[in-house]
1. Output the residue which, of all residues in the range B:136-163 that are of a type in the set (S, T, N, Q) and assigned to a helix (DSSP H, G or I), is nearest to the chain's Cα centre (by Cα).
2. Can you find a residue in the range A:220-242 that is over 25 Å from B:Pro141 (Cβ atoms), more than 14 Å from every other protein chain (Cβ to nearest Cβ) and part of a helix (DSSP H, G or I)?
3. Residue check: is B:Asn38 more than 14 Å from chain A (Cβ to nearest Cβ), under 14 Å from the mean Cα position of the chain (by Cα) and crowded, with 19+ Cβ neighbours inside 10 Å?
4. Considering the range B:25-63 alone, what residues qualify as being among the polar types (S, T, N, Q) and farther than 14 Å from B:Gly220 by Cβ?
5. What's the number of the only condition in (1) at pLDDT below 90; (2) more than 14 Å from chain B (Cβ to nearest Cβ); (3) closer than 21 Å to A:Asn243 by Cβ that A:Gly261 fails to meet?
6. Go through the residues of the range B:146-166 one by one and say whether even a single one is facing chain A (nearest Cβ under 10 Å) and of a type in the set (Phe, Trp, Tyr).
7. May I ask you to list the residues in the range A:264-290 that are of a type in the set (S, T, N, Q) and within 13 Å of chain B (Cβ to nearest Cβ)?
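The values are calculated or read from the model by the stated rules, or taken from the named source; none is laboratory data. Computed from a predicted structure; not experimentally measured. All Cβ positions, glycine included, derive from the backbone under ideal geometry; neighbour counts span all protein chains shown.
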Amino acid sequence: MKFFIPHSFFIPRRRLCMKNILKKAVLTVAAFGLLAVPGLQSAQAATIKVGAILAETGPSFLGVPEANTLRMLTEELNAKGGINGNTVELIIKDSGGNPEKAISFSKQFIEEEKVFAIIGPSTSGETMKIKNIAEQAETPLVSCAAAAVIVNPVAKWVFKTPQMDSDAVKKIYMEMNKMNISKIAVVVGNTGFGKAGKGQLLKIAPEFGIDVVISEVYDKKATDLSAVVAKLMAHKDIQAVVNWSIVPAQSIIIKNIRQAGWDVPIFQSHGFGNIKFVKAAGDAAEGVIFPAGRLLVAEVLPESNVQKAVLVKYKSDYEGKFKEDVSTFGGHAYDAFMILTKAIAEVGPDKAKVRDAIENMKGFVGTGGVFNFSPENHNGLGLDAFDMMTVKDGKFVLYTK
Amino acid sequence: MDFPLFLQYLFAGITYGIIYAIVAIGFNIIYNTTGIINFAQGEFLMLGGMISISLLHFMPLPLAIAAAVIITMLVGALIEILFIRWIDNPSVLRMIIITIGISILVREAALHIWGESVRALPYFIGSAVTSVSILGTKISPQVLIVIGVCSIVVVFLSFFFKFTSIGREMRACAANRKAATLCGINVKNMVTFSFMLSAGIGALAGAVMSPITYTQYDNGTGLAIKGFTVAILGGLGNSPGAVAAGLILGIIEAFSISFLPLAFKDAVAIAILLIILFIRPHGLFGSREAASLKEF
């Protein structure tokens with residue numbers, strides 16, 4: 001049983017000292033060898049190591065499309081000759097969504113593998129735990145997690161590609177204002193994403209004249225939530241439910257609300273942007289409203305949309321290679337990889353210069369939106385990165401009303 | 001609290017309770033034969049769900065579930081033959097550690113076979129939004145199916161252990177291995193059989209509850225913890241007791257949500273387990289004398 005075994009049990013230990021000494025000895029000999037043959041060093045292409053910490057297993061789906069995307073992009077890039085002749089070596093570690101493992105892997109990346117940059121982690125909770133590790137090691141970190149707290153306040157070496165959860169909240173509240181909804185219930189999953197989202201939902205509500213009547217947190221491993229639905233239904237004045245989560249249990253809430261015969265509008269977060277959640281909720285997912293990047297509706301975008309070409313290419317590449325539906329989470333990894341490699345291509349493999357290049361990058365068209373980074377904004381996306389979506393006949397479509 | 005709302009909580013509690021109870025019954029079967037707790041019980045549920053979901057592509061639903069039950073029973077037998085059978089003089093602690101190891105092994109194997117994504121069987125009647133109206137409140141028909149299946153299993157098991165010779169032989173093995181052997185009972189075969197039976201019941205439960213709870217490679221663990229709580233609460237080895245205890249725990253959990261934040265639900269369950277262990281270590285429905293004769 002999981003409980004009896006400390007997590008550290010599963011974490012690979014650092015290599016033995018002997019091995020390190022040996023390694024150093026070999027490196028020293030190699031270095032002398034290189035000195036003896038001048039010119040060889042510059043002729044040989046370097047390898048740029050990129051570490052990725054992704055939740056491939058664990059309670060959410062996030063890490064799999066991200067890992068697939070990174071493998072696909074690395075393969076493509078190296079087939080084209082890498083970045084200015086330097087090949088990229090991708091090392092993916094599966095954190096299972098566990099912050100302790102994320103910490104251990106990030107240290108391993110920095111101290112042992114000596115990676116050039118880190119992509120990920122997938123979840124906000126993990127990113128917050130390793131933020132300072134990346135800062136101290138002065139290693140660029142491009143997170144694939146959503147919470148605004150990752151880049152607000154700004155940390156020098158930390159960037160993130162998913163849209164801000166605060167912007168998603170504003171987008172939802174704007175829609176509610178249009179629908180004359182003012183009293184809402186908030187339910188969130190007990191992950192970093194859920195907790196950060198709850199904070200933003202409660203903080204921003206007064207700006208839009210919205211009153212959060214009740215807020216509840218459910219376990220990410222919950223198996224049935226009909227009792228909490230009963231609790232929400234007890235408040236007759238609730239006009240809408242906001243379900244903010246990235247775990248599969250979010251589909252259970254939707255099902256239980258509809259099974260109880262409650263016909264309330266359900267709003268979800270951008271964490272709903274994986275068709276698997278829709279499949280899990282079945283017919284209950286119909287009509288759920290949520291903000292998301294445009295990747296989910298790439299084909300139906302007007303030709304004039306600047307993102308369309310990028311989105312359609314990524315979508316068809318991904319779906320062709322992996323035979324599964326694309327999700328916004330893979331898109332976050334796509335953006336992270338592209339931004340990082342673009343910066344390296346511009347200024348060469350120098351950590352400090354690459355950091356500056358990302359910070360000053362403008363007008364990069366990614367899957368999440370058009371990125372405009374600045375020293376104040378390490379996310380680079382604004383409110384316009386989101387569109388409201390809904391589910392119709394088991395598919396994501398643009399929400400229009 | 002008005003009446004429909006009261007019923008809503010009550011049905012939620014019954015749903016939780018019946019799920020816990022059916023897991024607890026699986027614990028009880030193996031306990032009744034071997035005197036140990038099989039911590040891989042939750043994994044049988046997961047296997048039942050996963051295998052029936054995979055088989056659904058090739059055959060109709062009832063057949064898929066039946067096949068999943070049989071396959072899981074074979075897995076249960078295989079586990080017993082490979083890991084338990086050859087141990088000559090098993091101590092309780094050693095057996096428990098072995099079953100914990102098996103549960104991790106099965107979980108990791110499932111991760112490699114089915115991946116990390118969440119799957120579910122379709123609802124047996126209607127869809128995810130279908131509900132039936134009972135006294136002004138609405139519940140999913142699937143809940144009624146789970147309740148029905150669980151009741152049949154409990155009645156079947158009670159008869160099986162009381163009135164069939166093989167059932168009585170299984171109980172004899174738990175009471176005293178040596179005496180059972182002297183009476184001509186093949187203890188080792190009985191243990192294998194108990195693993196098959198509990199695997200089969202676990203798989204059946206895992207399949208019928210899959211539309212409600214979903215099935216994921218690691219969702220057996222959480223269910224096993226709750227099932228274990230209920231098994232202790234009802235008195236180890238006592239199946240009707242497990243059902244009563246399951247319903248009590250489920251209903252307490254559901255009503256605790258009405259005045260406590262949801263996050264405290266599991267804390268309530270574990271607090272009840274601790275109190276029971278302090279006050280009535282033999283469970284609510286177990287007998288003190290019987291418990292004092294057993295090793296564990």
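1. B:Ser151
2. no
3. no
4. B:Asn28, B:Asn32, B:Thr33, B:Thr34, B:Ser52, B:Ser54
5. Just one mismatch for A:Gly261, condition (2).
6. No.
7. Within the range A:264-290, just A:Asn274 meets the criteria.
To keep it simple, each residue is scored yes or no on (1) of a type outside the set (D, E, K, R); (2) in contact (Cβ under 8 Å) with a residue 24 or more places away in the chain; (3) on the phi < 0 side of the Ramachandran plot.
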| residue | (1), (2), (3) |
| --- | --- |
| B:Phe160 | yes, no, yes |
| B:Glu169 | no, no, yes |
| B:Arg177 | no, no, yes |
| B:Lys188 | no, yes, yes |
| B:Ser194 | yes, yes, yes |
| B:Phe228 | yes, yes, yes |
| B:Pro240 | yes, yes, yes |
